[in-house]
Amino acid sequence: PPSLPELIARQFPLARRSWRIEGGIDQGRRIHFVDQGDASAPPVLMVHGNPTWSFLWRRVIALLPELRCVAPDLLGFGLSDPLPASEDHTPARHADAIAALAVALDLRDVTLIGQDWGGPMVLSVAARIPDRVSAILLANTAVLAPSRGLKSRFHRLARMPLAGPLAFRGLGFPLRSLHRAQGDSSGSIRGDVAKAYRWPLRSWKKRLAPLALARAVPDGPDHANVPELERGEAWLRSFDGPLTFVWGMRDPILGRALARHEREFPRARVVRTEAGHFLQEEVPEVLAEEIRKIVAR
C-alpha cells in the first residue's frame, strides 16, 4: 500500500493493502483498504462517507481483534485512485468497486457496516452480492430513497456553480469543520486527528470528491441517483437477517433521521448515543460492541 507520513502512520497502525480493479469502467484503478485480522476470522466490511477515509474506522477496528476488518477508501478518497469527473461519483459506481473488492477478497457471511454515504453504498453492494451478506449495521446515514430530496444549506452550497467549487475545492470545506458535526466539538477531530483527515485531500484536484458526493445527494425524486438508492432500499426491505442502527443523536446533519428509519424498519435493533455525526471518533467502544453482537447473531 502507499506510504503514510509519520504523523498519520503513528495514529493508524493497521494492516493496509491495495488492489487494482480487474474489470468494468474502472479497470486498473487502485483501491486502498485496511485488512486487519486473521483471514479466517468472521469478516466485516466498513464503508465511510463524505469527506472521510478508512482512517475513520481505526479506533473501532482496534477493539475487534477477533474479526477480520476490511475498510476501503472510496475511489477519490483517502489513498484510492481518483475518478476523473464529478459526475463519476455515483453510488452505483462506488458500489460496483466495493463489491468487486469483496469478491476479490472472497468475503463470505460478511457483515456490512456503513456510515454517512457509506450506508446507501453498502446496501447497493449487498444488492450486487446478496449471497455473501449475513448482517447489516448502519450508523448516522440515510438509506431511504428521498421523496423530496435534501435541500440544506450544505447541499445548496455544493450545487452553486462558482461558490461550490470555491468552498469545497479551494477552501477545503467541510474538511476544516468536521468537529462542528460532533457531540463534543471541543475535543473530537482536533489537532493531529484533524490533520489526518485533511491530508489525503490536500489539493484542489484531490478535493473534487467531497464536492462530487455532496452533489450526488438527490435534491428531488427525479435526481439521477434515486433509482440506485431505491434499489438499495428495496434490498434492505427484503433482507431478513440481523439489522442494527447505532446513532449519534447529537448529529446536526442526520441525528433526526433515525426516527424515520425506526418507523420503516421496526425489527431493527436501535442503539442511541450522545455522539455526533462521526460517532467512530466519540463512541468507538459502542460501535465495536454492537458489531461484535451482530456478528454473533
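The values are calculated or read from the model by the stated rules, or taken from the named source; none is laboratory data. These figures come from a predicted structure and were not determined experimentally. As a convention, Cβ positions derive from the backbone with ideal geometry for all residues, glycine included, and neighbour counts pool all protein chains shown. Accessible surface is based on the protein model in full, side chains and every heavy atom, while ligands, DNA and RNA are left aside. Shrake-Rupley method; radii C 1.70, N 1.55, O 1.52, S 1.80 Å.
Quickly run through the range 71-92 and pick out the residues that are surrounded by fewer than 20 Cβ atoms within 10 Å (Cβ to Cβ) and not aliphatic (A, V, I, L, M).
Asp81, Pro82, Pro84, Ser86, Glu87, Asp88, Thr90
Quick one: in the range 234-257, of everything that is assigned to a loop (DSSP other than H, G, I, E, B) and aliphatic (A, V, I, L, M), which residue is surrounded by the fewest Cβ atoms within 10 Å (Cβ to Cβ)? Talk me through it step by step, then tell me what you get.
Just the residues of the range 234-257 that are assigned to a loop (DSSP other than H, G, I, E, B), to begin with: 239-242, 249-256.
Adding the requirement that they be aliphatic (A, V, I, L, M) leaves 249, 253-254.
On the way: Met249: 15, Ile253: 18, Leu254: 22.
This residue is Met249.
Can you name every residue in the range 19-45 that is surrounded by 20 or more Cβ atoms within 10 Å (Cβ to Cβ), closer than 12 Å to Asp73 by Cα, of a type in the set (A, V, I, L, M, F, W, C) and touching a residue at least 40 places away in the same chain (Cβ under 8 Å)?
Ile31, Phe33, Leu45
Do the conditions hold for Arg176, that is, is it open to solvent by 10 Å² or more (accessible area, probe 1.4 Å), assigned to a helix (DSSP H, G or I) and modelled with pLDDT under 95? Write out each step before concluding.
On the way: open to solvent by 10 Å² or more (accessible area, probe 1.4 Å): yes; assigned to a helix (DSSP H, G or I): yes; modelled with pLDDT under 95: yes.
Considered against the rule, which asks whether it is open to solvent by 10 Å² or more (accessible area, probe 1.4 Å), assigned to a helix (DSSP H, G or I) and modelled with pLDDT under 95, Arg176 comes out as yes.
Tell me, yes or no, whether the range 117-140 has at least one residue that is surrounded by fewer than 22 Cβ atoms within 10 Å (Cβ to Cβ) and within 18 Å of Leu213 (Cβ to Cβ).
Filtering the range 117-140 for residues surrounded by fewer than 22 Cβ atoms within 10 Å (Cβ to Cβ) gives 127-132, 134.
Next, from what is left, pick out any that are within 18 Å of Leu213 (Cβ to Cβ): none.
So far as the range 117-140 goes, no, none of its residues is surrounded by fewer than 22 Cβ atoms within 10 Å (Cβ to Cβ) and within 18 Å of Leu213 (Cβ to Cβ).
For the range 57-70, name all the residues that are surrounded by fewer than 24 Cβ atoms within 10 Å (Cβ to Cβ) and either farther than 17 Å from Lys293 by Cα or within 10 Å of the chain's Cα centre (by Cα) (or both).
Passing the criteria: Arg58, Arg59.
Go over the candidates Arg231, Arg260 one by one and state the one that is farther than 24 Å from Asp73 by Cβ and open to solvent by 10 Å² or more (accessible area, probe 1.4 Å). Break it down stepwise before answering.
Values: Arg231 fails: farther than 24 Å from Asp73 by Cβ.
Going through Arg231, Arg260 in turn, the sole match is Arg260.
Please state which of the following conditions Arg16 fails to meet, knowing it meets all the rest: (1) open to solvent by 10 Å² or more (accessible area, probe 1.4 Å); (2) within 24 Å of Ala296 (Cα to Cα); (3) touching a Pro at 6+ places or on another chain (Cβ under 6 Å).
(2)
How many of the residues making up the range 37-58 are over 17 Å from Ile98 (Cβ atoms) and either in contact with a Leu (Cβ under 8 Å, 6 or more places away or on another chain) or assigned to a strand (DSSP E or B) (or both)?
Adding up the residues that qualify gives 5.
Which residue pairs have Cβ atoms closer than 8 Å, lie 6 or more positions apart in sequence or on different chains, and pair a first residue in the range 208-231 that is more than 17 Å from Asn50 (Cα to Cα) and at pLDDT 95 or above with a second residue that is among the small types (Gly, Ala, Ser) and open to solvent by less than 10 Å² (accessible area, probe 1.4 Å)?
Short answer, once both residue conditions are applied: Glu228/Ala95; Glu228/Ser124; Arg231/Ser124.
Of all residues in the range 184-205, which are crowded, with 16+ Cβ neighbours inside 10 Å and under 18 Å from the mean Cα position of the chain (by Cα)?
Ile189, Val193, Ala194, Ala196, Tyr197, Trp199, Pro200, Leu201, listed by residue number.
Can you tell me which residue among Ala288, Ala268 is open to solvent by 10 Å² or more (accessible area, probe 1.4 Å) and not acidic (Asp, Glu)?
On the way: Ala288 fails: open to solvent by 10 Å² or more (accessible area, probe 1.4 Å).
Sole residue among the options that is open to solvent by 10 Å² or more (accessible area, probe 1.4 Å) and not acidic (Asp, Glu): Ala268.
Quick one: how many residues across the range 5-18 are assigned to a loop (DSSP other than H, G, I, E, B), touching a residue at least 60 places away in the same chain (Cβ under 8 Å) and within 15 Å of Gln36 (Cβ to Cβ)?
Taking the range 5-18 first, the residues assigned to a loop (DSSP other than H, G, I, E, B) are 5, 10-15.
Keeping just the survivors that are touching a residue at least 60 places away in the same chain (Cβ under 8 Å) gives 5, 11-12.
Now drop any that are not within 15 Å of Gln36 (Cβ to Cβ), which leaves 11-12.
Total satisfying the criteria: 2.
May I ask you to list the residues in the range 136-168 that are modelled with pLDDT of 95 or more, closer than 15 Å to Leu236 by Cβ and either touching a Lys or Arg at 6+ places or on another chain (Cβ under 7 Å) or not aliphatic (A, V, I, L, M) (or both)?
Of everything in the range 136-168, just one residue is modelled with pLDDT of 95 or more, closer than 15 Å to Leu236 by Cβ and either touching a Lys or Arg at 6+ places or on another chain (Cβ under 7 Å) or not aliphatic (A, V, I, L, M) (or both), namely Thr141.
Within the range 266-292, track down each residue that is assigned to a helix (DSSP H, G or I) and touching a strand residue (DSSP E or B) at 6+ places or on another chain (Cβ under 8 Å). First the steps, then the outcome.
Here is the first cut: in the range 266-292, the ones assigned to a helix (DSSP H, G or I) are 279-282, 284-292.
Listed by number, the residues that qualify are Leu279, Gln280, Glu282, Val286, Leu287, Glu290, Ile291.
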